[in-house]
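**Q** Right, I'll just put the structure down here and ask away after.
The values are calculated or read from the model by the stated rules, or taken from the named source; none is laboratory data. The shown structure was predicted, so the numbers you read here are calculated from the model rather than taken from an experiment. All Cβ positions, glycine included, derive from the backbone under ideal geometry; neighbour counts span all protein chains shown. These area figures cover heavy atoms from the full protein model, side chains too; ligands, DNA and RNA do not enter into them. Shrake-Rupley method; radii C 1.70, N 1.55, O 1.52, S 1.80 Å.
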Amino acid sequence: MADKIVINDLNFYYNQKQAINNLNMSIPANEIFSVIGPANSGITTLLRTLNRLCDLTPGIRIEGEIQLDNQSIYAPEVSVTELRRRVGIVFDVPTPLPMSIFDNIAYGPRLARKKNKKALAETVELALRQAALWEEVKDRLKIQAMSLSGGQQQRLCLARVLALEPEVILLDRPCSGLDPISTAKIEESLTELKKQFTIIISPHNTQQAARISDRVAFMLMGNLIEEGANMEVFSSPKDRRTSDYITGRFG
Amino acid sequence: MRITARNAEKTAKILIWTIALMVIAVLIFIIIFILYRGLPVINWNFLTEIPRRSGREGGIASPIIGTLSVTALAVLIAMPFGVGTAFYLAEYTKGGIITRIIRFCTESLAGIPSIIYGLFGFIFFLDVLGLGWSILSGGLTVAIMILPTLIRTAEESIRSVPKSYREVSFSLGGTKWQTIRKAVVPSAIRGIANGIILSVGRCVAETAALIMTAGYELIMPRSVFDSSRSLAVHFYTLVMDGISERNAYGTAAVLIILVFFINVVANMLINRFVAKGR
């Protein structure tokens, strides 16, 4: 399968501190790609380089190359806003904006100004269906998104990204604060969504990675230790540190 | 009695209650005292007639108009500059030397007594620009005076908007301007508006700076180039020159009601505006 994202010799620095060391990685299209590792492994940083959200942090420096569909995303002619529409992100804590459910989902499409009212309503409905939230909120799209439960809020954030009609979806520990049922719902949606999108997730534990991933990468202290198909990594890890981590000996 | 956690808790509670009550009591006493002496003076004629015989007789129609026009002018002039500066400070700078200079200036400006602004306005607007004693001179002077408050309150409310809102907006393909307009402003607008209301209060109450710039003409102003006495100045003159204590209380009562009225109307407008903006 074609690689959606190719990362070549990526080095990332926050001021003097290096967060990612010489990373090479290829992420195939239409799969769920998990990046696992303990805190401070550079996973969040990695995800944020993929849609250039890291640009917002002062004092960062990036070396190397990241390609999306064979085009460097750090090339000067790249439109950052366009890139972020193609590569959406769901954060670790639910972040609804203080507006209605509908307005939250419509936020991205409205910024792009490409849709009339009817098309917008259809986009919102489709996004909510894809995120398995439609049935729960279809009669109250006008209420404040903040009044939803945590699990619903996170699915709202997923729907908000889906409404961008992106190509890649990044999820940074999206289920860290959620109950098992909400987590199951999100995992179910993701498995369905990978048919249309490329999904890169930092799962909140190794079990989740084992459940949903096609491929798994293990990172430690900014280094990529091991990467491979789900079965390979979990049943016969090549590196000692990977087996220690997935058997719960640290992290 | 031994000091136990429970006793301390009780004492603290009583102490805090007493302090709060005392403060509120003083405020209420002042308002009741002035309204008690002032309300009987207020009637239709008092509100619609211009002062006669230096304010011994007649009403306070022209000072009301003077106050309202100076305030409106000052707020209209100061608002774009103040809010604009606040957005610049909160969103577009990263704490460099320019930010520090601007912040130092606004903080210093906030601490200057209003009569100094009056002196500046007197020299600059009246003398240099030749605007004379006028509503325009007064409005411009007071506009400069309220700028620091406006900038401070607006900047603080912009900064208090959670960072995650901006991040979400950027992550959904928003540009900086779209992010400010759609994710930051709706959450900051209430704080900004409160700063504006605070400034309106200062404009309405301003005396010293206005004596020197808007003058103390009693006839009805016909344009912003006419001099006009503000309510606070009128009140000051009535009392200090021993003209009419009765009318002074009436003026004070009108001043209080005016501030109260402006607050209520402004809050209503904000609620409607904010509700609609979403």
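**Q** If I filter region A:91-101 down to residues being facing chain B (nearest Cβ under 9 Å) and under 17 Å from the mean Cα position of the chain (by Cα), which single residue comes out as most open to solvent (accessible area, probe 1.4 Å)? Give the derivation first.
**A** Our first condition is that a residue be facing chain B (nearest Cβ under 9 Å); within region A:91-101, this holds for A:91, A:93, A:95-100.
When the remaining residues are screened for being under 17 Å from the mean Cα position of the chain (by Cα), the result is A:91, A:93, A:95-96.
On the way: A:91: 23, A:93: 84, A:95: 14, A:96: 7 Å².
Result: A:93.
**Q** Quick one: in region B:224-242, which of the residues that are part of a helix (DSSP H, G or I) and touching a residue at least 40 places away in the same chain (Cβ under 8 Å) is most open to solvent (accessible area, probe 1.4 Å)? So that I can check it myself, show each step before the final result.
**A** Filtering region B:224-242 down to residues part of a helix (DSSP H, G or I) leaves B:231-240.
Now narrow it down to the ones that are touching a residue at least 40 places away in the same chain (Cβ under 8 Å): B:231-234, B:237-238.
Working: B:231: 0, B:232: 6, B:233: 3, B:234: 2, B:237: 24, B:238: 1 Å².
The extreme case among them is B:237.
**Q** Can we say residue B:212 is farther than 15 Å from residue B:132 by Cα and open to solvent by 30 Å² or more (accessible area, probe 1.4 Å)?
**A** Answer is no for this residue.
**Q** When the residues of region A:155-176 are narrowed to those that are open to solvent by 10 Å² or more (accessible area, probe 1.4 Å) and more than 14 Å from chain B (Cβ to nearest Cβ), which ends up modelled with the highest pLDDT?
**A** The selected residue is A:173.
**Q** Still on this model: Output yes when any residue across region A:16-27 is under 13 Å from the mean Cα position of the chain (by Cα), open to solvent by less than 10 Å² (accessible area, probe 1.4 Å), within 14 Å of another protein chain (Cβ to nearest Cβ) and at pLDDT 90 or above, and no when none is.
**A** Scanning region A:16-27, I find no residue that is under 13 Å from the mean Cα position of the chain (by Cα), open to solvent by less than 10 Å² (accessible area, probe 1.4 Å), within 14 Å of another protein chain (Cβ to nearest Cβ) and at pLDDT 90 or above, so the answer is no.
**Q** OK, next. How many of the residues in region A:46-90 are outside any loop (DSSP other than H, G, I, E, B), open to solvent by less than 50 Å² (accessible area, probe 1.4 Å) and within 14 Å of chain B (Cβ to nearest Cβ)?
**A** Residues that pass the stated criteria total 16.
**Q** Another one. For region B:123-143, what are the residues that are surrounded by fewer than 21 Cβ atoms within 10 Å (Cβ to Cβ) and either in a helix (DSSP H, G or I) or without any contact (Cβ under 8 Å) to a residue 60 or more places away in the chain (or both)?
**A** B:123, B:124, B:126, B:127, B:128, B:129, B:130
**Q** Sticking with this structure for a sec: I'm told residue A:152 meets every condition in (1) outside any helix (DSSP H, G or I); (2) more than 10 Å from every other protein chain (Cβ to nearest Cβ); (3) more than 19 Å from residue A:198 (Cα to Cα); (4) of a type outside the set (Val, Ile, Thr) except one. Can you identify the failing condition by its number?
**A** (1)
**Q** I would also like to ask the following. Of everything in region B:163-177 that's free of Cβ contacts under 8 Å to residues at least 60 places away in the same chain, surrounded by fewer than 18 Cβ atoms within 10 Å (Cβ to Cβ) and in a helix (DSSP H, G or I), which residue is nearest to the other protein chains (Cβ to nearest Cβ)? Please lay out each step first, then the result.
**A** Within region B:163-177, the first condition is being free of Cβ contacts under 8 Å to residues at least 60 places away in the same chain, and the residues that meet it are B:163-175, B:177.
From the residues that got through so far, the ones that are surrounded by fewer than 18 Cβ atoms within 10 Å (Cβ to Cβ) too are B:163-164, B:175, B:177.
Filter once more, so that each one left must be in a helix (DSSP H, G or I): B:163-164, B:177.
On the way: B:163: 9, B:164: 5, B:177: 11 Å.
The extreme case among them is B:164.
**Q** While we're here: Identify the residue in region A:102-119 that is more than 7 Å from chain B (Cβ to nearest Cβ) and under 12 Å from residue A:164 (Cβ atoms) and, among all such residues, is surrounded by the fewest Cβ atoms within 10 Å (Cβ to Cβ).
**A** Result: A:114.
**Q** Among the residues of region B:99-113, which ones are touching a helix residue (DSSP H, G or I) at 6+ places or on another chain (Cβ under 9 Å) and either not hydroxyl-bearing (Ser, Thr, Tyr) or not assigned by TED's automatic domain parsing to the domain that holds residue B:155 (or both)?
**A** So the first thing to find is which residues in region B:99-113 are touching a helix residue (DSSP H, G or I) at 6+ places or on another chain (Cβ under 9 Å), and the list is B:99, B:102-103, B:105-113.
Once the filter is applied, which keeps residues that are touching a helix residue (DSSP H, G or I) at 6+ places or on another chain (Cβ under 9 Å) and either not hydroxyl-bearing (Ser, Thr, Tyr) or not assigned by TED's automatic domain parsing to the domain that holds residue B:155 (or both), region B:99-113 yields B:102, B:103, B:105, B:107, B:109, B:110, B:111, B:112, B:113.
Each row is one residue, and each column tells you yes or no for (1) out of contact with any helix residue (DSSP H, G or I) (no Cβ under 7 Å at 6 or more places or on another chain); (2) within 26 Å of residue A:182 (Cβ to Cβ); (3) not aromatic (Phe, Trp, Tyr).
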position	(1), (2), (3)
A:111	no, no, yes
A:120	no, no, yes
A:125	no, yes, yes
A:128	no, yes, yes
A:131	no, yes, yes
A:138	yes, yes, yes
A:141	no, yes, yes
A:152	no, yes, yes
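**Q** Quick one: in region A:125-154, which of the residues that are in contact (Cβ under 8 Å) with a residue 40 or more places away in the chain, surrounded by fewer than 24 Cβ atoms within 10 Å (Cβ to Cβ) and in contact with a Leu (Cβ under 7 Å, 6 or more places away or on another chain) is farthest from residue A:106 (Cα to Cα)?
**A** So, considering only residues that are in contact (Cβ under 8 Å) with a residue 40 or more places away in the chain, surrounded by fewer than 24 Cβ atoms within 10 Å (Cβ to Cβ) and in contact with a Leu (Cβ under 7 Å, 6 or more places away or on another chain), the one farthest from residue A:106 (Cα to Cα) is A:150.
**Q** Oh, and also: Filter region B:86-97 down to the residues that are open to solvent by 40 Å² or more (accessible area, probe 1.4 Å) and part of a helix (DSSP H, G or I), then identify the one that is nearest to the other protein chains (Cβ to nearest Cβ).
**A** B:92
**Q** Test residue B:236 against the criterion of being assigned by TED's automatic domain parsing to the domain that holds residue B:141 and over 22 Å from residue B:126 (Cα atoms), and give yes or no.
**A** Yes.
**Q** Out of all the residues in region B:186-201, is one or more facing chain A (nearest Cβ under 10 Å), of a type in the set (A, V, I, L, M, F, W, C) and touching a Phe, Trp or Tyr at 6+ places or on another chain (Cβ under 9 Å)? Lay out the reasoning, then the answer.
**A** So in region B:186-201, the residues facing chain A (nearest Cβ under 10 Å) come out as B:186-187.
Filter again for of a type in the set (A, V, I, L, M, F, W, C), leaving none.
No.
**Q** Of everything in region A:1-37, what is hydroxyl-bearing (Ser, Thr, Tyr) and under 14 Å from residue A:49 (Cα atoms)? Give them in sequence order.
**A** A:13, A:14
**Q** Follow-up question, since we're still on this one. Taking region B:188-209, which residues are small (Gly, Ala, Ser) and open to solvent by 40 Å² or more (accessible area, probe 1.4 Å)? Talk me through it step by step, then tell me what you get.
**A** Applying the first criterion (small (Gly, Ala, Ser)) to region B:188-209 yields B:188, B:191, B:193, B:195, B:199, B:201, B:205, B:208-209.
Hit for region B:188-209 is B:205, nothing else.
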